[in-house]
Every structure is written in C-alpha cells, then in structure tokens.
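Single-structure report; data block below.
The values are calculated or read from the model by the stated rules, or taken from the named source; none is laboratory data. Everything numeric in this text was worked out from a predicted model, so none of it was measured. With ideal geometry, Cβ positions are generated from the backbone for all residues, glycine too; neighbour counts draw on all protein chains shown.
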Amino acid sequence: MNNFHTHTWRCKHATGTVKDYVNAAKEKGMKVLGMSDHTPLPDNRWSHVRMDMSDLDAYVEEFKEAETEGIDILKGLECEWDPVYEGFYRDEILGERNFDFLIGSVHYIKNDGDWEYLSEIRTAKHLAKYAEVLIATMKTGLFSFIAHPDGFGAGYTKWDSNAEACAIDILVAAEELSIPLEINGYGLRKNKVLTEDGIRSVYPLLNFWELAGRFDIKVICNSDAHRPEDVDASIKECKELADKYNLNVIDDIRG
Ligand SMILES: [Zn+2]
Ligand SMILES: [Zn+2]
C-alpha cells in the first residue's frame, strides 16, 4: 500500500515534517510515499491554509534531510488551478525546482466574482462551475491525478440529475484525458454531512463512484494525511469501495 497525498505542518492545518511522514510510512511497510503539501501561491491567495512562498525553499530542503533507504519519496504539491499560475507550476515548480508530481484539486469555485468553498456549493450553477474548473485543471496536463473529484458533495447534499450531470462531465473528461481520479480517505475521517437521505461522509460519494464503474478510468486511493499517524489511514476502506464498484485501482503514479 502506498500513499500520494500527505500534508505537513507548513500548511497551517496539519502536523509533522516530511521526515516524520517518511518514518511513519516505513513503519507501515510502504514502498513509495508521495508528499503533497498545499502549494504556496505567488499572490499568496488562500494563504491561511497553505505554506507561504517564503517557506518553499525550506520545504524542498526537508526532502534532502528525509532521504533514506528502502522507500521512494516523491516531492510533490497539491495545487489549485488558475491560468495565472501556469508559469509558476510549469516553469518554477516542475521546471527549476524539479518536483516529481503535482495533484490537481478544486477547493474553491468563483461564483459571481466571489470565491466560494466546496461546502457552499448549492445550485446547478455552482455544480457546472465546479465541473468546468475541475476539467480545466485536468486539461493542463500538469497534474498526476485529481484529488477528491466528488468534493462537490460537501455542499450539494442531494443526488439528483444536476449532481449526476456534474459527475458525468467529470468522468467523461477523466476517461478522455486518461487522468486518474482519487478516492480520498480524508473524507471518511471528517465531520459527516446531513442529507435528506440521512448522514453520510463528506466524500467519497458512493453515487459518484458507482457511476465511475461505467467508465474506463483509473483511480488512486489516498489517505490525504494531515498527521503522520494517518499516513495510511482509510486507504483500505477506499480500496474496498473501489472493488465494490469494479474500479481500476493504481498503486503508483509513476508511469
Ligand atoms: Zn489540507
Ligand atoms: Zn489534501
């Protein structure tokens, strides 16, 4: 079992250093560990939930200190897509700084000029916006996989024709672009969401993954650890879900 979604203390809402995660992963017998702290952004947008630009050098340094035998450590970042960041991701992060991988994530959508968080997704218009940004993220070719593509369910609590249309748009794009989608275990450990049909996890959305079974896509199961002790948390449950819906699970992001 490997994990490619991992956060450190630098993002201001997680604990542990790269080395702490490496030690935890080795103890669990992992062969590959992908570190993917929330990327800093050149304009310091949403800086309350990510490292500052001034932290990037020190984050990169941590990988040198954490090097050890018996496990491959991949240097990565979890990123929000906006065309204004293209040069930063492509030239600085993947280019000059030689990062191994990037995760594409959508945590915010722009609605009538305001940024809104996933939990504020309420309408068909929001859903369309979410799918649009997520698909634009996929199309960049910058990202190794897409984190929690079912994240719209954090706010949109019904499974109706609007939710299904959003899911289908995302799944069609993932199939066309051959980009893996993540079943994210953190959603199983977060506060539950109250819906008309009862209480459920914020994600994974079962309806989404059931539908995914009809598409020729790859999925990856990650912990999205925010504490070293969670380095492999919930991955087993995510894999069971993938098996239930006959999904094609990959355990490494390196081609
Ligand atoms: Zn986080
Ligand atoms: Zn994450």
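Being modelled with pLDDT of 95 or more, within 18 Å of the chain's Cα centre (by Cα), part of a helix (DSSP H, G or I) and crowded, with 21+ Cβ neighbours inside 10 Å is a property that Ile93 has.
Give the residues of the range 1-28 that are among the aromatic types (Phe, Trp, Tyr), crowded, with 24+ Cβ neighbours inside 10 Å and under 24 Å from Phe88 (Cα atoms), sorted by residue number.
Looking only at the range 1-28, we keep the residues that are among the aromatic types (Phe, Trp, Tyr), and these are 4, 9, 21.
Those still in the list that are crowded, with 24+ Cβ neighbours inside 10 Å too: 4, 21.
Scanning the range 1-28 gives a single hit, Phe4.
For the subset of the range 171-203 comprising residues that are farther than 24 Å from Ala233 by Cβ and either of a type in the set (A, V, I, L, M, F, W, C) or part of a helix (DSSP H, G or I) (or both), which member is nearest to the chain's Cα centre (by Cα)? For the range 171-203, the residue satisfying everything is Ile179. Residues that are in a helix (DSSP H, G or I), within 16 Å of ligand 2 (Cβ to nearest atom) and basic (Lys, Arg) within the range 1-57 comprise just one, Arg10.
Check whether at least one residue in the range 77-89 is within 20 Å of Phe215 (Cβ to Cβ) and modelled with pLDDT of 95 or more, and report yes or no. Checked against the condition, which is being within 20 Å of Phe215 (Cβ to Cβ) and modelled with pLDDT of 95 or more, the range 77-89 yields no hits at all. Could you give me the residue pairs with C-beta distances under 8 Å whose first residue belongs to the range 11-23 and is without any contact (Cβ under 8 Å) to a residue 40 or more places away in the chain, whose second residue is in a helix (DSSP H, G or I) and within 9 Å of ligand 1 (Cβ to nearest atom) wherever it lies, and which are 6+ apart or on separate chains? Partner pairs satisfying both residue conditions: Lys12/Val49. Here Ser234 meets each of (1) within 16 Å of ligand 2 (Cβ to nearest atom); (2) more than 23 Å from Phe143 (Cβ to Cβ) with one exception, condition (2). Could you tell me whether any residue of the range 35-58 is farther than 26 Å from Leu118 by Cα and buried (at least 20 other Cβ atoms within 10 Å of the Cβ)? No, because not a single residue in the range 35-58 is farther than 26 Å from Leu118 by Cα and buried (at least 20 other Cβ atoms within 10 Å of the Cβ). For the criterion of being modelled with pLDDT of 95 or more, within 16 Å of ligand 1 (Cβ to nearest atom), surrounded by fewer than 18 Cβ atoms within 10 Å (Cβ to Cβ) and not β-branched (Val, Ile, Thr), Lys31 fails. Looking only at the range 237-254, residues that are within 16 Å of ligand 2 (Cβ to nearest atom) and either in a helix (DSSP H, G or I) or closer than 25 Å to Lys158 by Cβ (or both) come to 1 in all.
Starting from the range 123-141, keep only residues that are closer than 15 Å to Glu164 by Cβ, then list their pairs with residues that are part of a helix (DSSP H, G or I) and of a type in the set (D, E, K, R) whose Cβ atoms are within a distance under 6 Å, requiring at least 6 positions of separation or different chains. Qualifying pairs under 6 Å: Ala131/Asp169.
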